[in-house]
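The values are calculated or read from the model by the stated rules, or taken from the named source; none is laboratory data. This one's a predicted model, so the numbers in the text were calculated from it and none came from an experiment. As a convention, Cβ positions derive from the backbone with ideal geometry for all residues, glycine included, and neighbour counts pool all protein chains shown. Protein only, heavy atoms only, side chains kept; ligands, DNA and RNA dropped before computing areas. Shrake-Rupley method; radii C 1.70, N 1.55, O 1.52, S 1.80 Å.
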Amino acid sequence: MSHAGATALVREVSPSVSRCELTHLARAPIDFEEAKRQHARYIAALEVLGCRIEWLPPLPDHPDAVFVEDTAVVLDELAVVTRPGAESRRGETASVAEALGKYREVRVMKGPGTLDGGDVLRLGRTLYVGITPRTDAAGRAELAALVEDAGYRVCPVAVHGCLHLKSAVTEVAPSILLANPKWISVADFSSFRVVPVALAEPAAGNALRVGEMVIHAAEFPATRSRLAVAGIPVRQVPASELAKAEGGVTCCSLMLA
Ligand code: CIR
């Protein structure tokens, strides 16, 4: 999905972010002030690329609340509010449901299954959904039931070594994916052209497409060069602090095209 002229739902970095959930990374100190500065640069990049920013209410006691992507799956026709896999994150969804209600029909996952929005990659009418500790079979089945009448099908994809499917693979242009082939099997995406991340930058597969551009973390210069060779224009933003919380550039917004 391309998002030029979109509304981006975002939420400020919580002062409790250093108590974030962690799955693959060892806990490293997060500089809150620097995280806020970097987040501001991300918001500015969205604005420069033509997005309208809508702020969700702050949730200072929810360490991961800045990662709004996980709380919903936004489609053209409707939005599904998720039941996040980490219990500590379930309190993030109510305010997202309220905000989305102004733009879309909202359908809410009831459980018992779980699903994080970061595990859902929409490519055409297919929702590729990561098989991860956050997103279980019941969550995938509930999502499939909620979107079936809108003409979407759910396709499960194995993910190894990273938190979410979109930590490993994202769409950077029509039919072109940026991916870490060690974290997903590119055979699952055989009808797409895949730009592989640079070996030394395993987390570089997460890019946010906005119109003809992608927002990509500045910490991944070798992968940025590969994107340039592929003809993909990149706007880089510093994203090192929230990366310590296992968050990337897609995680910090919900795009309403
Ligand atoms: C978590 O573990 O839930 C957060 N620390 C990071 C969430 C990142 N979100 C994303 O990749 N969509």
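List the relative contact order of the chain as a percent without decimals, with contacts defined as Cα pairs under 8 Å and 6+ residues apart.
On the way: 584 pairs, mean separation 61.4, N = 257.
It comes to 24 percent, rounded to a whole number.
Report the FRET efficiency, 1/(1 + (r/R0)^6), for GLU219 and ASP61, where r is their Cβ-Cβ distance and R0 is 30 Å, rounded to 0.05. Write out the running numbers ahead of the final one.
Working: r = 29 Å, r/R0 = 0.96.
Once rounded, the FRET efficiency stands at 0.55.
If we count every other residue with Cβ under 10 angstrom of LEU56's Cβ, Lys/Arg +1 and Asp/Glu -1, where does the sum land?
On the way: positive: ARG11; negative: GLU12, GLU54, GLU92, GLU98.
Overall, the nearby charge balance is -3.
What's the magnitude of the charge dipole for the chain around its Cα centre, counting Lys and Arg as +1 and Asp and Glu as -1 at the beta-carbon? Answer in Debye, nearest 20.
On the way: 27 positive and 30 negative charges, 83 e Å.
Roughly 400 debye for the chain.
Quick one: which residues, 5 or more positions from ILE53 or on another chain, have an amide H under 5 Å from its amide H? H modelled 1.01 Å from N in the peptide plane, none for Pro or chain starts.
Sorted by chain and number, the residues that satisfy this are ALA8.
If Rh is defined by the Kirkwood formula over all Cα pairs and Rg also comes from Cα, what ratio Rg/Rh do you get for the chain?
Values: Rg = 16.5 Å, Rh = 17.9 Å.
Using only Cα positions, Rg/Rh for the chain is 0.92.
How big is the accessible area of TYR103 in square angstrom, nearest 10, if you roll a 1.4 angstrom probe over the protein chains?
80
Modelling each spin label as a point 7 Å along the Cα-to-Cβ direction, I'd like the SER240/TYR103 distance in nm, to one decimal.
Here the modelled spin labels are 3.2 nm apart.
What list of ³J(HN,Hα) values in whole Hz, one per residue of segment 81-86 in order, does the Karplus curve 6.51 cos²θ - 1.76 cosθ + 1.60 (θ = phi - 60°) give from phi, with Gly and Pro shown as x?
8, 7, 10, x, x, 8
Which one, CYS252, ALA158, ALA72, projects farthest toward the positive side of the charge dipole computed for segment 7-256 from Cβ point charges (K/R +1, D/E -1)?
After comparing all options, I get ALA158.
Assuming a viscosity of 0.890 mPa s and a temperature of 25 °C, what translational diffusion coefficient in µm² per second does Stokes-Einstein assign to segment 81-213, Rh being the Kirkwood radius over Cα pairs? Each step should come with its number before you reach the end.
Working: Rh = 15.5 Å.
After rounding, the answer is 159 µm²/s.
Taking amide hydrogens as modeled 1.01 Å from N in the peptide plane, which residues meet the under 5 Å criterion relative to VAL210, leaving out close sequence neighbours?
HIS3, ILE215
Report Rg(Cα)/(2.2 N^0.38 Å) for segment 9-83, keeping two decimals. Don't skip to the answer; put the middle values down first.
Numbers: Rg = 13.8 Å, N = 75, 2.2 N^0.38 = 11.3 Å.
Normalised Cα radius of gyration, segment 9-83: 1.21.
Taking the Cβ of GLY101 as the center, what net charge do the other residues with Cβ under 15 Å away carry, scoring Lys and Arg +1 and Asp and Glu -1? Walk me through the intermediate numbers first.
Details: positive: LYS102, ARG104, ARG107; negative: GLU54, GLU77, GLU98, GLU105.
Net of charged neighbours comes to -1.
Once the cut-off is 18 Å, how many percent of the Cα-Cα pairs in segment 179-234 end up in the long-distance tail?
Result: 30 percent of Cα pairs exceed 18 Å.
How far apart, in nanometres, would the label points at THR126 and ALA200 be if each is projected 7 angstrom from Cα along the Cα-to-Cβ direction?
Those two pseudo-labels are separated by 3.4 nm.
Please give the residues of segment 118-147, grouped as numeric ranges, whose backbone N is less than 20 Å from a label point set 7 Å along the Cα-to-Cβ vector of ALA230.
What the label zone holds, given the 20 Å backbone N cut-off, is 118-130.
For an R0 of 25 angstrom, estimate the FRET efficiency from the Cβ-Cβ distance between ILE53 and ALA86 and round to the nearest 0.05.
0.45
Roughly what % antiparallel, to the nearest 5, for the DSSP beta bridges in segment 7-256? Write down the numbers at each step before the final one.
Numbers: 18 of 40 bridges.
Of those bridges, close to 45 percent are antiparallel.
Quick one: if the Förster radius is 41 Å, what FRET efficiency do ASP188 and GLU33 give, using the C-beta to C-beta distance and rounding to 0.05? Walk me through the intermediate numbers first.
Numbers: r = 40 Å, r/R0 = 0.98.
So the FRET efficiency works out to roughly 0.55.
Would you mind calculating the relative contact order of segment 1-117 from Cα pairs under 8 angstrom and at least 6 residues apart, reporting the percent as a whole number? Write out the running numbers ahead of the final one.
Details: 178 pairs, mean separation 33.0, N = 117.
With pairs under 8 Å counted, the relative contact order is 28 percent.
Lys and Arg at +1, Asp and Glu at -1: add these up for the other residues within a Cβ distance under 11 Å of GLY91 and post the number. Intermediate results must be reported in sequence, preceding the final value.
Values: positive: ARG89, ARG90; negative: ASP61, ASP64, GLU87, GLU92.
Charge balance near GLY91 sits at -2.
Within the accessible area of segment 7-256, what % is carbon and sulfur when the probe is 1.4 Å and the other protein chains stay in place?
Values: 5540 of 10010 Å².
In segment 7-256, the share of accessible area belonging to carbon and sulfur is 55 percent.
Compute the accessible area per residue over segment 140-250, keeping the other protein chains in place, probe 1.4 Å, unit Å². Walk me through the intermediate numbers first.
Working: 4440 Å² over 111 residues.
Averaged over the residues of segment 140-250, the accessible area is 40 Å².
Using each residue's phi in segment 235-246, evaluate 6.51 cos²θ - 1.76 cosθ + 1.60 at θ = phi - 60° and report the 3J(HN,Hα) Karplus result to the nearest Hz, with x for Gly and Pro.
10, 8, 10, x, 9, 5, 6, 6, 4, 5, 9, 6
Roughly what percent of Cα-Cα pairs across segment 1-132 reach past 28 Å? It would help to have the intermediate numbers written out before the result.
Values: 1404 of 8646 pairs.
In whole percent, the share of Cα-Cα pairs in segment 1-132 beyond 28 Å is 16.
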